[in-house]
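These notes are about the structure you will find just below.
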Amino acid sequence: MTAYLIGIGIAVVAALVGAVLPDRHRLPGAAALSAAACVAVLVGAVHVLVSGHTSGLHTAQVLPLTGVDLSLDPLGALFIATTAGVGLAASWYSVGYGAHATPSRTATAMLPAFLATLLLVPAAASVATFMVAWELMALTSLLALLTDHRRRPETRDAAQWYAAMTHIGAAAILLGLVLLADHAGGQTFATIASHRGRLSVPLSSTVFVLTLIGFASKAGAVPLHVWLPRAHPEAPSPVSALMSGAMVNLGVYGILRVGGVLLGGGQSWWWVVVAALGVVSAFFGAVHAAASTDTKRLLAYSTVDNMGLVLIGVGAAGALAAGGERMLAGLVLLAALFHLVNHALFKGLLFFGAGAVQHATGTRDLDRLGGLARRMPAVTALFGIGALSIGALPGLNGFASEWLLLEGLLHGFASRSAVTDATLLAGVAALAITGGLTATAFVKALGVGFLGQPRSERAGGAREVGPSMLAGMGLLAGGCVVLGVVPGVALPALDRAAAAGFAGGAPTTLRVGLGLDLASLHGAIEPALLVEGLLAGIIVAWGVIRLAPRRAELRRPRRAEAWGCGRELQTARMEITATSFAEPLQRVFADVLRPDRDLEVTHTVESAYVTQAVSYYQRVDDAVERVAYRPVIGAVSWWGRLARRVPNGSVHRYLAFGFAALVLILVVLA
């Protein structure tokens, strides 16, 4: 706990340094202190994960009346360690990211402040402490999002959506936790957990549903996700990485902390609902990611997809635990937490890559990129590692966690509940479908965005980014490779966190090693051997090609443009674009995407039969936002316009309103 508290203190100092130091020193000073804070917190969290011990702190010197309660157990420590890892990379990355245009004092201070609140939430051990940390996280993330609002009006719109959704979610969480604390007779989590056996089923179900609404909105679960594809693209890239790699994780943490620990697992249908949210989110996010041409919007929808997979694992684990399958529940939850950690690594890396591309070219539009592999080779290689990781290529971390999740879901069919089996079947189907859609989305992002020829002058003039940005990306890329080749090094810590995720949870039967070995379920895989075999095959193939005798005409090399199909003349206009790449999928999933298309034909002045120009317009909006949210916003706006007519300055009207209100009160009281 000491190292953790020191880290939080350093993060607060970093925010102050970013706010008060001169322009020349505030950015590197704040970044250096933020990195030091992440290292200190990481040391404390890893100690808890390795030892399995829980440490706590109570002080009455900060919050009046209630005081501050902090506790570091393996479940919270896993989320803190994940946040600290992404935060360390973001601190390095931010130095180069802000070098081309010195950020304001507010922007410089908000990144470490946001990081400090992210690190506080998983350690909160009482309702008051948790809600204060949660609201501080919402406030600092909103201010960090708004730092570029003067340059882009879309940022203000995104901030409004984010503020509305996060405060609706916080209200639901607060109401649920207050009900829980009132019936438990205390507001500390330890007191609530000790009284969970005395709660009635209707009360505990009400609390779970209320808190699920709030936490699912933070995790980006459909249909509460509408803020995410707006806010993540508009935030600065270090903030986007923290939002997508750390903040959405806390929604999953809240579901586990309340439903699994404070309420003791509860009813099976709770977790079926969680898994259903995950299935819908995974499919919806994957389809929209495959159809998006904005790089950061694609990554934002991919976050919805991957958090859906995590929710599938959490829901399946809860349903299995409610049915008495504790060992299988622990395995599935371990796989879900493993994928959560891996998602933080490769999604942070991908957002850094998108920020580097936008830094060099001034655009996020894949249709205007291309040719970056020659101009930005290091960024291309690092972005490629992230794309292959999220595509679950064997030897990288995405494959390891998705394989483990699939194994857990398949072995769960041994349960005795038909509802649980149906939930697991839906999870397996979602995992299979979204795997293909994710591969399509990132083949498009990597192939169209980085290969071929540049489609704009800015893309043609792009240059490699600075070393600090590459260092931040390299740190996360290294994590993707290590956890992909030797995933077994992280499994003991993940096992302890999974065991703490449900009351009475027990460790799984994983064998400790460098690979993944399910001791009692007859499943094992060694990614290191896969990588060695792949490298050996490449070396052999290269040797055969180099040493095999060839005809004279084949010895003369012939150069041709990549993606040129053998043509001698190839231009950027002849290459496939992101829009055309996604067109077949848009047709297949037209009922989900509901694209808005328009074709405008302009004729010449001389003749209405001669076409002068043809303009084709297509836009893919969020169908949930269009169907569920915009009518509500329209109705509220109508009532607002109507209400503005009331204060017209007439004393007679005000007296009439007061008299009507008095009569209504008397009628109600009578």
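Do we have any residue at all in the stretch 154-161 that's under 16 Å from GLY254 (Cα atoms), β-branched (Val, Ile, Thr) and either at pLDDT 90 or above or assigned to a helix (DSSP H, G or I) (or both)?
Looking through the stretch 154-161, none of the residues is under 16 Å from GLY254 (Cα atoms), β-branched (Val, Ile, Thr) and either at pLDDT 90 or above or assigned to a helix (DSSP H, G or I) (or both).
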* Structure fact -> Sole miss for LEU451 among (1) farther than 24 Å from LEU299 by Cβ; (2) modelled with pLDDT under 90 is condition (1)
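Which ones in the stretch 294-351 are among the β-branched types (Val, Ile, Thr) and more than 11 Å from the chain's Cα centre (by Cα)? Before the answer, list the steps.
Applying the first criterion (among the β-branched types (Val, Ile, Thr)) to the stretch 294-351 yields 295, 303-304, 310, 312, 314, 332, 341.
Across the stretch 294-351, the qualifying residues are THR295, ILE312, VAL314, VAL332.
Taking the options ARG257, ARG297, name whichever one is of a type in the set (Lys, Arg) and not assigned by TED's automatic domain parsing to the domain that holds ALA430. Full working, then the answer.
Values: ARG297 fails: not assigned by TED's automatic domain parsing to the domain that holds ALA430.
When all the criteria are applied, what remains is ARG257.
Tell me whether the stretch 302-314 contains one or more residues that are acidic (Asp, Glu) and surrounded by 24 or more Cβ atoms within 10 Å (Cβ to Cβ). Write out each step before concluding.
Step one: list which residues in the stretch 302-314 are acidic (Asp, Glu), which gives 305.
From the residues that got through so far, the ones that are surrounded by 24 or more Cβ atoms within 10 Å (Cβ to Cβ) too are 305.
Checking the stretch 302-314: at least one residue is acidic (Asp, Glu) and surrounded by 24 or more Cβ atoms within 10 Å (Cβ to Cβ).
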* Asked: Restricting the first residue to the stretch 531-544 and requiring it to be within 17 Å of VAL481 (Cβ to Cβ) and in the same structural domain as ALA392 (by TED's automatic domain parsing), which pairs with a second residue that is modelled with pLDDT of 85 or more and not in a helix (DSSP H, G or I) meet a Cβ separation below 9 Å and a spacing of at least six or different chains?
  -> VAL531/PRO394; VAL531/GLY395; LEU534/PRO394; LEU534/GLY395
* To do: Would you mind telling me which numbered condition in (1) closer than 23 Å to GLY285 by Cα; (2) modelled with pLDDT under 75 ALA572 fails?
  => (1)
* Out of (1) surrounded by fewer than 16 Cβ atoms within 10 Å (Cβ to Cβ); (2) assigned to a strand (DSSP E or B); (3) not hydrophobic (A, V, I, L, M, F, W, C), what's the single condition that is false for SER71? -> (1)
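A quick yes/no check of all residues on (1) among the aliphatic types (A, V, I, L, M); (2) under 15 Å from GLY318 (Cα atoms); (3) touching a strand residue (DSSP E or B) at 6+ places or on another chain (Cβ under 6 Å):
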position	(1), (2), (3)
ALA219	yes, no, no
PRO238	no, no, no
ALA246	yes, no, no
VAL258	yes, yes, no
* Within the group ARG630, ARG597, ARG645, which residue is under 25 Å from the mean Cα position of the chain (by Cα) and free of Cβ contacts under 8 Å to residues at least 40 places away in the same chain? -> ARG630
* **Which numbered condition VAL280 fails, given (1) of a type outside the set (Asp, Glu); (2) within 30 Å of SER194 (Cβ to Cβ); (3) part of a helix (DSSP H, G or I); (4) out of contact with any Ser or Thr (no Cβ under 6 Å at 6 or more places or on another chain)** => (2)
* Asked: What is the number of the single condition among (1) part of a helix (DSSP H, G or I); (2) surrounded by fewer than 24 Cβ atoms within 10 Å (Cβ to Cβ); (3) of a type outside the set (Lys, Arg) that LEU320 does not meet?
  -> (2)
* Set GLU402, GLU457, GLU407: member being in contact (Cβ under 8 Å) with a residue 40 or more places away in the chain, assigned by TED's automatic domain parsing to the domain that holds VAL287 and over 27 Å from VAL588 (Cα atoms) -> GLU407
* Subset of the stretch 103-131 that is of a type in the set (S, T, N, Q) and outside any loop (DSSP other than H, G, I, E, B) - its residue that is farthest from the chain's Cα centre (by Cα) -> SER126
* To do: Read through the list (1) over 28 Å from ALA31 (Cβ atoms); (2) buried (at least 24 other Cβ atoms within 10 Å of the Cβ); (3) among the hydrophobic types (A, V, I, L, M, F, W, C), then give the number of the only condition that VAL261 fails.
  => (2)
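If we scan the stretch 485-493, do we find a residue that is of a type outside the set (S, T, N, Q), in contact with a Phe, Trp or Tyr (Cβ under 9 Å, 6 or more places away or on another chain), in contact (Cβ under 8 Å) with a residue 12 or more places away in the chain and part of a helix (DSSP H, G or I)? Give the steps one after another, and end with the answer.
Just the residues of the stretch 485-493 that are of a type outside the set (S, T, N, Q), to begin with: 485-493.
Checking which are in contact with a Phe, Trp or Tyr (Cβ under 9 Å, 6 or more places away or on another chain) leaves us with 487, 490-491.
In the following step, the residues that additionally are in contact (Cβ under 8 Å) with a residue 12 or more places away in the chain were identified as 487, 490-491.
Those left that are additionally part of a helix (DSSP H, G or I): 487, 491.
Scanning the stretch 485-493 turns up at least one residue that is of a type outside the set (S, T, N, Q), in contact with a Phe, Trp or Tyr (Cβ under 9 Å, 6 or more places away or on another chain), in contact (Cβ under 8 Å) with a residue 12 or more places away in the chain and part of a helix (DSSP H, G or I).
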* Scanning for something in contact with an Asp or Glu (Cβ under 9 Å, 6 or more places away or on another chain), surrounded by fewer than 12 Cβ atoms within 10 Å (Cβ to Cβ) and over 23 Å from ALA289 (Cβ atoms), does the stretch 601-613 turn up at least one residue? -> yes
* Could you list all residues from the stretch 313-327 that are more than 21 Å from VAL489 (Cα to Cα) and among the aliphatic types (A, V, I, L, M)? => VAL314, ALA316, ALA317, ALA319, LEU320, ALA321, ALA322
* Asked: Assuming ALA193 fulfils every condition listed in (1) surrounded by fewer than 20 Cβ atoms within 10 Å (Cβ to Cβ); (2) among the small types (Gly, Ala, Ser); (3) in contact with a Phe, Trp or Tyr (Cβ under 7 Å, 6 or more places away or on another chain) apart from one, which condition is it?
  -> (3)
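Within the stretch 90-105, is there a residue that is under 26 Å from MET131 (Cβ atoms) and surrounded by fewer than 24 Cβ atoms within 10 Å (Cβ to Cβ)?
Within the stretch 90-105, the first condition is being under 26 Å from MET131 (Cβ atoms), and the residues that meet it are 90.
Pick out the ones that are also surrounded by fewer than 24 Cβ atoms within 10 Å (Cβ to Cβ) and you get none.
Scanning the stretch 90-105, I find no residue that is under 26 Å from MET131 (Cβ atoms) and surrounded by fewer than 24 Cβ atoms within 10 Å (Cβ to Cβ), so the answer is no.
The values are calculated or read from the model by the stated rules, or taken from the named source; none is laboratory data. Being a predicted model, the structure only gives us computed values, none of them experimental. Please note: Cβ atoms are built from the backbone with ideal geometry, for glycine as well, and neighbour counts cover all protein chains shown.
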